[in-house]
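Student: Sharing a structure here in structure tokens format.
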Amino acid sequence: PYLQTADDRDYTFISPEWPVSADYVRRAHAARLDVAPFTLNRRADVRAARSAGVDALITDDPLMAARALGLRPPRSFSATAFIRGSRLIATGDLLTPRGVSARQGCRGTVTMRVMAGDRPARSVSGRLNRNCEFLFGTRRPPARLGRPSVTIRFNGNRRLLPRLVGPKRARLAPPSFRP
């Protein structure tokens with residue numbers, strides 16, 4: 001009856017209490033509903049939910065859940081932002097964990113959130129290249145607002161957990177690289 005009610009009311013997802021069966025998930029998907037059960041706080045439950053085909057899950061321990069799904073944190077994520085003329089540039093790189101190749105781990109997006117003063121100015125995304133590096137930019141907020149504050153986030157992918165760097169004031173010159 002809950003699936004029928006959700007379908008009748010044009011819900012896009014349902015969040016039943018765990019456990020749910022693969023058959024329940026299949027019927028929800030047939031009704032064009034995403035399934036996000038709650039609250040999975042054991043590794044075995046997270047793995048069972050993946051086997052059942054759920055679209056998301058609710059947990060009190062996201063790191064445990066991510067590791068149960070095989071995700072690992074990057075060894076490092078370095079990022080910086082600098083001002084070049086009228087552009088605000090984000091650059092950096094990611095180092096995959098041991099055992100995760102660049103081909104597997106260097107996929108995904110990086111988001112730069114720009115604050116001008118105490119207000120959000122904009123958010124812009126770029127992609128990691130196959131060397132796990134990124135370089136992208138956006139218009140600089142007006143100079144009268146001072147140097148913008150920037151937060152740069154690796155959004156994660158099928159192998160790696162997200163990482164965040166910032167907030168930091170954008171530098172006025174590009175970083176110097178040493179060979």
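Student: As I understand it, the dipole of the chain uses +1 on the Cβ of Lys and Arg and -1 on the Cβ of Asp and Glu, about the Cα centre. Which of L63, N129, W18 lies farthest toward its positive end?
Tutor: Of the candidates, N129 comes out farthest on the positive side.
Student: Moving on to the next point. Less than 12 Å Cβ to Cβ from R98, Lys/Arg counted +1 and Asp/Glu -1: what total charge do the surrounding residues give? Before the final figure, lay out the partial values.
Tutor: Values: positive: R72, R75; negative: none.
For residues surrounding R98, the net value is +2.
Student: Same structure again: Which ³J(HN,Hα) values in Hz, rounded to whole numbers, follow from the phi angles of the range 100-111 under the Karplus curve 6.51 cos²θ - 1.76 cosθ + 1.60, where θ = phi - 60° and Gly and Pro get x?
Tutor: Each residue of the range 100-111 in turn: 10, 6, 4, 4, 7, x, 8, 10, x, 10, 10, 10 Hz.
Student: For the range 1-73 and the range 137-174, what is the separation of their Cα centres, given in Å?
Tutor: Taking the Cα centre of the range 137-174 as reference, the centre of the range 1-73 is 33 Å away.
Student: Could you work out the relative contact order of the chain? I mean the mean sequence separation of Cα pairs under 8 Å and 6+ apart, divided by the number of residues, in percent. Don't jump to the answer; show the numbers that get you there.
Tutor: Working: 359 pairs, mean separation 32.0, N = 179.
About 18 percent, as a whole number.
Student: Find how much the distance from S51 to R119 grows on full extension, using 0.36 nm per residue of separation minus their present alpha carbon separation; answer in nm with one decimal. List each step's numbers first, then the result.
Tutor: Working: separation 68, 0.36 × 68 = 24.48 nm, distance 4.29 nm.
Result for the pair: 20.2 nm of gain on full extension.
Student: Continuing with the same structure: In terms of modelled amide H atoms, which long-range or inter-chain residues lie less than 5 Å from the amide H of R140?
Tutor: R87, L88
Student: Carbon and sulfur: what percent of the chain's accessible surface (1.4 Å probe)?
Tutor: C and S fraction of accessible area: 49 percent.
Student: Which value, in debye to the nearest 20, gives the size of the charge dipole of the range 90-131 about its Cα centre, when Lys and Arg are +1 and Asp and Glu are -1 at the Cβ?
Tutor: Numbers: 8 positive and 2 negative charges, 39 e Å.
Using Cβ point charges on Lys, Arg, Asp and Glu, the range 90-131 gives about 180 debye.
Student: Within the range 1-131, what percent of beta bridges assigned by DSSP are antiparallel, to the nearest 5?
Tutor: Numbers: 17 of 20 bridges.
Here the antiparallel bridges make up roughly 85 percent for the range 1-131.
Student: In the Gaussian network model of the chain, springs joining C-alpha atoms below 10 Å, which of L145, L71, L160 carries the largest mean-square fluctuation?
Tutor: L145
Student: The range 15-86: which trypsin sites (Lys or Arg not before Pro) are DSSP loop and have at most 15 other beta-carbon atoms within 10 angstrom? Before the final figure, lay out the partial values.
Tutor: Values: sites: R26, R27, R32, R42, R43, R47, R50, R67, R75, R84; in loops: R32, R42, R75.
Those that pass, being in a loop and sparsely packed, are R32, R42, R75.
Student: Taking the Cα centre of the chain as origin, sum charge times position over the Cβ atoms of Lys and Arg (+1) and Asp and Glu (-1), and report the length of that vector in debye to the nearest 20. Show your work: numbers first, answer last.
Tutor: Details: 33 positive and 13 negative charges, 294 e Å.
Here the size comes out at about 1420 debye.
Student: Quick one: accessible area per residue over the chain, 1.4 Å probe, rounded to a whole number of Å²? Show your work: numbers first, answer last.
Tutor: Values: 11220 Å² over 179 residues.
In whole numbers, the chain has 63 Å² accessible per residue.
Student: So what is the calculated 222 nm ellipticity per residue for the chain, using -39500 (n - 2.57) for each DSSP H run with n of 4 or more, over all residues, to the nearest 500 deg cm²/dmol? Please report the intermediate quantities before stating the final value.
Tutor: Details: 5 runs with 37 residues, N = 179.
Counting only the DSSP helices, I get -5500 deg cm²/dmol.
The values are calculated or read from the model by the stated rules, or taken from the named source; none is laboratory data. In this text the structure is predicted, and so the values were computed from the model without any measurement. Using ideal geometry, Cβ is built from the backbone for each residue, glycine included, and neighbour counts are taken over all protein chains shown. Areas reflect the complete protein model, heavy atoms only, side chains present, ligands, DNA and RNA absent. Shrake-Rupley method; radii C 1.70, N 1.55, O 1.52, S 1.80 Å.
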